[in-house]
1. Just grab the label-to-label distance for Ala242 and Ile256, each label 7 Å out from Cα along the Cβ direction, in nm (one decimal).
2. Taking a cut-off of 29 Å between Cα atoms, list the lysines near Lys165, but don't count ones fewer than 8 places away on the same chain.
3. From the square roots a ≥ b ≥ c of the eigenvalues of the alpha-carbon gyration tensor of the stretch 19-271, which class results: rounded (a/c under 1.5), prolate (a/b over b/c), or oblate?
4. For the peptides 36-46, 149-159, 239-249, what is the packing order when you average, over each peptide's residues, the other Cβ atoms within 10 Å and list the highest mean first?
5. How much net charge surrounds Trp248 when only other residues with a Cβ under 14 Å from its Cβ are counted (Lys, Arg +1; Asp, Glu -1)?
6. Nothing charged except the Cβ atoms of Lys and Arg (+1) and of Asp and Glu (-1): what's the magnitude of the dipole of the stretch 19-271 about its Cα centre? Round to the nearest 20 debye.
Amino acid sequence: MARPGVRTHGRTVIGVAGTAHVTGKQGHRKRLWDARQRSYWAWVSPAYEALYLSRWSVLENAWVKERLRSLVGESSAVVVDLAAGTGLGHRLVAELNTSACYVGLDISREMLAVADPPFPAVITAMDEIGCLRSCVADVIISLFTSGSFASDPSALLAEVHRLLKPGGVAYLSVLSSRALSRITSRNRGAARYHTRGASIGLGDGRGAPVHRFTVRQLRRLATESRLRLLDVRGMNVLSGVAEWRGLWTAGRLVAIAVPGLSHSLELVVRRDPSPDRS
Ligand SMILES: C[S@@+](CC[C@H](N)C(=O)[O-])C[C@H]1O[C@@H](n2cnc3c(N)ncnc32)[C@H](O)[C@@H]1O
């Protein structure tokens, strides 16, 4: 799947792609954005897994797993995980389909290095994936708000369209701009994001830059990228607000009524099955 030049480190195949294609002011902004992502996630990587061991996180993982079940269920499906991080997507896909062919991608070498077990991975920005060929994926996933960390959301969706086989589907999670969690946490500021908010005591300067979205913006982005939006849901309005197991169902019910209040919006898009029209 990866192009020649990919190196093998033990069991993990690593392709490293540059970000040389975007030039001028836009290129400068992208390099700065990506550098901030690398530095933030390198810093957070040793603590990342421990931050997501709560009962609430277990419920969130189970909810996402159920949503992925029908998408990755087909044997030998090729699954590409954009922002694979420390391997949650790899574990969920393996639980759902032991014969899936999984490839992770992440901008942070340090996040990938934490993954246990390791998996085939590419180190690159998800909105400029030079080293994976077109029409390679049956399914693309990008879990737990990862889509918000791409510097250019339109370029990200263009890459999703390019990588998907005709008829392929993508499950993408992004931060909601109207989330209740923004009212209560230090993440209410527009520019930077701290995973798990204040709980690890990060200084403001060390957050990751993010894009946040409304449901309407996601619809528009999908249409502009020639992807069909099949579904968009809020996960839970109490994520990042009041993460008590007993409140899970209440938070879900409000998320069903008003998806935008959720911390994250979860969308499913499909590339047109007809190669001519996509
Ligand atoms: C919130 S974590 C989610 C990781 C994983 N998907 C999970 O659910 O555990 C966000 C991940 O996005 C990666 N990331 C940030 N900016 C990125 C970019 N522009 N391209 C690819 N990965 C990026 C980070 O390194 C980090 O691993």
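1. Rounded to a tenth, the inter-label distance reads 1.9 nm.
2. Lys30, Lys65
3. Judged from the Cα gyration tensor, the stretch 19-271 comes out rounded (a/c under 1.5).
4. Taking the mean over residues of other Cβ atoms within 10 Å, the ranking is 149-159, 36-46, 239-249.
5. 0
6. My answer is approximately 820 debye.
Every number in this text was worked out from the coordinates using simple rules, so none of it is lab data. Predicted model, so just to flag it, every value in this text is computed and none were measured. No Cβ is skipped: glycine too gets one built from the backbone with ideal geometry, and neighbour counts run over all protein chains shown.
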